[in-house]
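Report on the structure given below.
The values are calculated or read from the model by the stated rules, or taken from the named source; none is laboratory data. As the structure is a prediction and not an experimental result, all values here were calculated from the model. Using ideal geometry, Cβ is built from the backbone for each residue, glycine included, and neighbour counts are taken over all protein chains shown. Accessible surface areas use protein heavy atoms only, side chains included; no ligands, DNA or RNA. Shrake-Rupley method; radii C 1.70, N 1.55, O 1.52, S 1.80 Å.
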Amino acid sequence: MSDTAPLVKIEGLHKSYGGVVKVLQGLDIEMKAGDRVVVIGPSGGGKSTLLRVLMGLEQIDRGSVGFGGKPYICANGNGKTTIDAKVRRSIGMVFQHYTLFPHLDVIGNLILAPMKVRGEKKAEAEARAMALLTRFGLAQKAKAYPAQLSGGQKQRVAIARALMLDPKLMLFDEVTSALDPELVAEVEQVILQLAQQQMPMVIVTHDMWFAKNIASRVIFCAGGVVVEDGPPEQVLGSPKEERTREFIERVFHIKH
Amino acid sequence: MTFDFAIVLKFQHALLLGLWTTLKLTLICILLGCILGFLVALARTSKNAILRGPSSVYVEFFRGTPVLVQLFWIFFCLPLVLGVELSNMASGVIALTLYMGAISSETFRASLKSVGREQLDACVALGLSPWARTANVVLPQAVLRAAPTLLSNCISLFKESALVSAVGMADLMFVGQNISNNTARPIEVLTAVALIYFVIAFPLTRAVTVIEQRILKRLAV
Ligand SMILES: Nc1ncnc2c1ncn2[C@@H]1O[C@H](COP(=O)(O)OP(=O)(O)O)[C@@H](O)[C@H]1O
Ligand SMILES: [Mg+2]
């Protein structure tokens, strides 16, 4: 794959829930390997749905998603969606709500997928897990259970768990919105650290500071379509579209 | 009226034999009933209507009829229907296993449901196969969550097992009744029988509370 070929290519993506709630209505997005895309938009606008589609968690009505130049998700027209499971394995996601496995300790959460999906040996997986946890300042928590962790720690563990599979793309869906304000920074720091290592990512956030600092590109989604798409200075700083401007003023309390 | 509890000691051997029959019956039916209950719970939550229908009928039927009637039916009618002789023990095991299967399947069903959609999404996002998902995420959480109620189900079974005395199985209740009839000392003997049941069931009911708290602490995310 050359540097200029898109990593993700979304074409004419339509997605509804039960055919009634039309959420995504013809989305076209191309993402380069170096992109860190921040998606903003009104609540209920389909941001989570977009990420869930990219993660291969949802059926789609129409359109397709390519990944690394290969077909990944495709609507077949007969209501069925084809999802390439191998491509899906190279994408990681962290959710808004905590999704750690409560019956496993932190290290158990990290090594489950590498062992079951890639057949990695336990000792090997544990060594990699410890290295990751150390990097995230969580080494002392390796044997703790999720219920014994703070919200910020849980999300950092969830990020580490996804990274164990060496993803080529990371999806973050409002990973700090369930957190107490004082815990937000520790999670954002970890994601910023990943950004420095050139991890391609799509991030949904309502945190203006974070969006400005992490985005190479900002997409404003509303009503199931892309309203505005551009560099953060433009979309966040001087939006062209009236709807974007209104949204940013309302959510981020910024007057232009 | 004077009480002579020494009479209980005189028959202690017979009572212990009865208790042994009760325990044996209960333990066998717990084991078989839990396996049956888990499979039935899977069947009832499956998408396949052919699995769902009969399993639902079975559970609702056994939950909606008295255990005593079930016992009588299996002791007296089942041999006629099947055309084979069934020993007392075999009939007892069949009847109480079916009863345990029905009540434990409801316990398993509730705990299977309690494993949220988020957990399944996380499994897919991590690339876990449907098999790995069930074996490593759904099943362990379901069993943990089911544990307290399952133990309550076991205690119920242990107590309900006294009903087999009505069809002539020599369990603790049956032996106690016999001794009480023969000695005309119902107060002493039946009180002793009650105490034996209680001494076994009570610590288990306490254990339910302790396990509940532990599991809540562990699984509350
Ligand atoms: N599983 C679902 N079933 C039905 N409707 C859904 C489901 N998930 C989301 N929706 C609806 O789809 C719309 C978009 O939701 P979502 O993607 O979560 O938006 P956002 O993340 O931007 O707030 C909302 O109207 C929401 O109610
Ligand atoms: Mg959302």
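Take each residue of peptide A:110-121, count the partner chain Cβ atoms within 10 Å of its Cβ, and average: the result is 3.
Here chain A exposes an accessible surface that is 51 percent carbon and sulfur, computed with a 1.4 Å probe and the other protein chains kept in place. Summed over all non-identical Cα pairs, the Kirkwood treatment of region B:6-219 gives a radius of 19.2 Å.
Computed from backbone phi with θ = phi - 60° and the Karplus coefficients 6.51, -1.76 and 1.60, the 3J(HN,Hα) list for region B:71-87 is 4, 4, 4, 6, 6, 9, 9, 4, x, 5, 5, 7, x, 10, 6, 10, 5 Hz; x is used for glycine and proline. For chain B, the mean residue ellipticity at 222 nm estimated from helices alone is -25500 deg cm²/dmol, where every DSSP H run of n ≥ 4 contributes -39500 (n - 2.57) and the total is divided by all residues, rounded to the nearest 500. Legend: mean number of C-beta atoms from other chains within 10 angstrom of residue C-beta atoms, peptide A:95-105, equals 6.
Using a 1.4 Å probe over protein heavy atoms, the accessible area lost on pairing B with A, summed over both chains, comes to approximately 2000 Å².
Rolling a 1.4 angstrom probe over chain B with all protein chains present gives an accessible area of which 70% lies on carbon and sulfur atoms. Take the Cα of B:L219, step 7 Å toward its Cβ, do the same at B:K159, and the gap between the two points is 2.3 nm.
When you filter the GluC sites (Glu not before Pro) in region B:50-157 for DSSP loop state and at most 10 other Cβ atoms inside 10 Å of their Cβ, you are left with B:E85. At the listed q of 0.08, 0.14 Å⁻¹, the Debye profile of the protein assembly as shown, built from one uniform point per Cα, gives log10 I(q)/I(0) equal to -0.65, -1.28.
With a 10 Å cut-off around each Cβ of B:133-141, the average count of Cβ atoms from other chains is 3. Within the shell defined by Cβ-Cβ distances under 12 Å, the residues around A:E186 carry a net charge of -1, with Lys and Arg each +1 and Asp and Glu each -1.
Using every pair of separate Cα atoms, the Kirkwood estimate puts the hydrodynamic radius of chain A at 19.0 angstrom. A simple count of charges around A:P232, restricted to other residues whose Cβ falls under 9 Å of its Cβ and scoring Lys, Arg +1 and Asp, Glu -1, yields +1.
The label point for A:A139 and the one for B:T65, both projected 7 Å from the Cα toward the Cβ, are 6.5 nm apart. Here's how it looks for A:V225: its modeled amide H is under 5 Å from those of A:Q25, which are all 5 or more places away or on a different chain. This model, with +1 at the C-beta of Lys and Arg and -1 at the C-beta of Asp and Glu, gives chain A a dipole about its Cα centre of some 780 debye.
Note on B:E212 and B:K113: their simple-model spin labels are 1.9 nm apart, each label 7 Å out from Cα toward Cβ. With viscosity 1.002 mPa s and temperature 20 °C, the Kirkwood radius over alpha carbon pairs of region B:27-101 converts through Stokes-Einstein to a diffusion coefficient of 164 µm²/s. Across region A:39-122, the mean sequence separation of Cα contacts (distance under 8 Å, 6 or more residues apart), normalised by length, yields a relative contact order of 16 percent.
Looking at region A:8-255, the DSSP beta bridges with both ends there are about 60 percent antiparallel. Taking the chain by itself as reference, region A:35-77 contains these residues with an accessible-area loss of 20 Å² or more in the full protein complex (1.4 Å probe, heavy atoms): A:R52, A:M55, A:L57.
The residues of the protein assembly as shown expose, per residue, 48 Å² of accessible area to a 1.4 Å probe. Looking at the protein assembly as shown alone, DSSP beta bridges between its own residues are antiparallel in about 60 percent of cases.
In region B:70-188, one over the average inverse separation of all distinct C-alpha pairs is 17.5 Å, which is the Kirkwood hydrodynamic radius. Comparing B:V138, B:V69, B:V84 in a Gaussian network model of chain B, where Cα atoms under 10 Å apart are tied by springs, the biggest mean-square fluctuation is seen for B:V84. Annotation for region A:170-256: GluC sites (Glu not before Pro) lying in DSSP loop with at most 16 further Cβ atoms inside 10 Å of their Cβ are A:E241. Considering only alpha-carbon pairs that sit under 8 angstrom and 6 or more positions apart, the relative contact order computed for chain B is 30 percent.
Full extension of the segment from A:N76 to A:M199, taken as 0.36 nm per residue of separation minus the current Cα-Cα distance, would add 41.2 nm.
Of all the options A:A147, A:A222, A:A123, the one that moves most in a Gaussian network model of chain A with Cα springs shorter than 10 angstrom is A:A123.
Of the trypsin sites (Lys or Arg not before Pro) found in region A:1-94, those in coil by DSSP whose Cβ has at most 14 other Cβ atoms within 10 Å are A:K80. Within straight-line reach of A:K116, meaning a Cα separation under 19 Å, sit the following aspartates and glutamates at least 8 residues removed in sequence or on another chain: A:D84, A:D105, A:E124, A:E126, A:D166, B:D121.
Two tests apply to each whole DSSP H helix in chain B, Cα reach of 30 Å or more along its axis and mean Kyte-Doolittle hydropathy of at least 0.5, and the ones passing both are B:12-45, B:88-113, B:186-219. Name the longest site-free stretch of chain B, where the excluded sites are chymotrypsin sites (Phe, Trp or Tyr not before Pro) in a DSSP loop with no more than 14 other beta-carbon atoms within 10 Å. Between the exposed loop sites, the longest stretch runs B:6-221.
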